[in-house]
Structures are given as structure tokens and as C-alpha cells.
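Notes follow once the structure below has been shown.
The values are calculated or read from the model by the stated rules, or taken from the named source; none is laboratory data. It should be emphasised that the depicted structure is a prediction, and the values quoted were computed from it without experimental measurement. Glycine gets a Cβ as well: all are built from the backbone with ideal geometry, and neighbour counts include every protein chain shown.
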Amino acid sequence: MSRVRTEEEKAAARAASKEALKRKWELEQEENRSAHETYMREALRQAKRAAALGETPIGCVIVHEGKIIGRGYNRRNTDKSTLAHAEITAIRKACRALGDWRLEDCALYVTLEPCQMCAGAIVQARIPEVFIGCMNAKAGCAGSVYNLLEEPAFNHQAKVCRGVLEEECSRMMKVFFRDLRLRLKTSVEEAVPEKSRDKRMNE
Ligand SMILES: [Zn+2]
């Protein structure tokens, strides 16, 4: 005769089946990898537009029924706006395209792990699937600092697939920051005349 399961056992069984579904979804995404890479390349193209403006290269696209309905890239300095992140712009455009604040049948592709503001907006927009290029250990909120996208206490959780074109996405960031450091170094050297630099070095 089977024994009545305790509440703990029921909760453990629920968690296990949720985990199994998540794993199944991840495996399915692996099979669709080439399609996801195609959209991530579009997000990388957006990121390049940010880099051309001297902005940290982050790009995002939102896909609905196989079609890109929202694009965005980081314009924080250009627009002098905290809100000018790639994901927020892409969400705004996608909402306009669908005429709805809910983006329920959409997938979001972003080159860098979203920050707390963008992860919050993704949850608010009920976006069900998020594909991330590279992670952001110091500020990411899809698993690095926090995991707002998969927080079970919220009323909505997104499924998250990480590491799509990871190398390309992370290389883009590295090259940008390397060039930025070089530019800063050059401008410091130009600002301080050589003579005074020599003098200071001899002091
Ligand atoms: Zn953000």
C-alpha cells in the first residue's frame, strides 16, 4: 500500500519536475542553436552601433513569430539617460509594434547579461525566453549578482539560455575596453607636456 506523501516530498517532486522541464527546454534550444545564433548576430550588429558612438557595446533584439520587432543598443552617454539601455529601447519598440505592454510570445536576445533595471523590465513585460551572449559578473541580474529572471517568488519567470555566441559577445566587450584604456592613456599623455612629465619622473 502506498504511503501518503508529506508536504516536503510533494514540494521536492514539484521542484524536480520543474527542473526536468527546464533541462528539456535547454536541450531543445541546443537543437535550435543556429537560429538563436542568427538573432544574436543581429544583436551584435546593434552593439556595434553603440561602439561606433563610443558607448559600451551592448545590443538587443526581440523576436516575435520569427520576425524581429524591436531593436536597441546602448546610448546611455549619447542620450544622457539612465534608461537608454539596449533592452529598454528594444522592449519599447516591441511594445509599440505589438500594441501591447505584454510581450508574451517573444524571445529577447541580448549580447550581455541584463542589469537589474532591464531584468526587471523583462519580467514586467512577461517575456518568456531570454538568450544571453556573455555574462556580467559585476552587474548581471540573470544569475551573476542576482537572478531576477528566474526568481520563483515573482509572478513571472523567464527561461534563460546563456552563452549564445559567447566568444564573439565577450570579445566585443574586451576590445572596446582595451581601446578605451588606450585612448585614456593617450589623452593623459597629451594633457601632460613631455617636459613636465620628465621633470616629475626625476623628482
Ligand atoms: Zn540594463
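E42 falls short of the stated requirement of being part of a helix (DSSP H, G or I) and over 19 Å from the mean Cα position of the chain (by Cα). Here R162 clears all of (1) closer than 23 Å to G66 by Cβ; (2) of a type outside the set (D, E); (3) under 10 Å from the mean Cα position of the chain (by Cα); (4) buried (at least 20 other Cβ atoms within 10 Å of the Cβ) except the condition numbered (4). Counting residues in segment 86-98 that are under 19 Å from C118 (Cβ atoms), over 15 Å from the mean Cα position of the chain (by Cα) and loosely packed, with under 13 Cβ neighbours inside 10 Å gives one or more. The residues of segment 34-46 that are buried (at least 17 other Cβ atoms within 10 Å of the Cβ) and either at pLDDT below 95 or among the small types (G, A, S) (or both) amount to a single one, A43.
Number of residues in segment 99-124 that are within 15 Å of the chain's Cα centre (by Cα) and within 15 Å of the ligand (Cβ to nearest atom): the value is 16.
It is to be established whether one or more residues within segment 68-85 are of a type in the set (A, V, I, L, M) and within 15 Å of the ligand (Cβ to nearest atom). Within segment 68-85 (the criterion being of a type in the set (A, V, I, L, M) and within 15 Å of the ligand (Cβ to nearest atom)), the answer is yes, since at least one residue qualifies. Name the single residue that is farthest from the ligand (Cβ to nearest atom) among those in segment 47-67 being assigned to a strand (DSSP E or B) and surrounded by 18 or more Cβ atoms within 10 Å (Cβ to Cβ). The qualifying residue farthest from the ligand (Cβ to nearest atom) is V63. Among residues that are surrounded by 10 or more Cβ atoms within 10 Å (Cβ to Cβ) and either on the phi > 0 side of the Ramachandran plot or among the acidic types (D, E) (or both), E26 is included.
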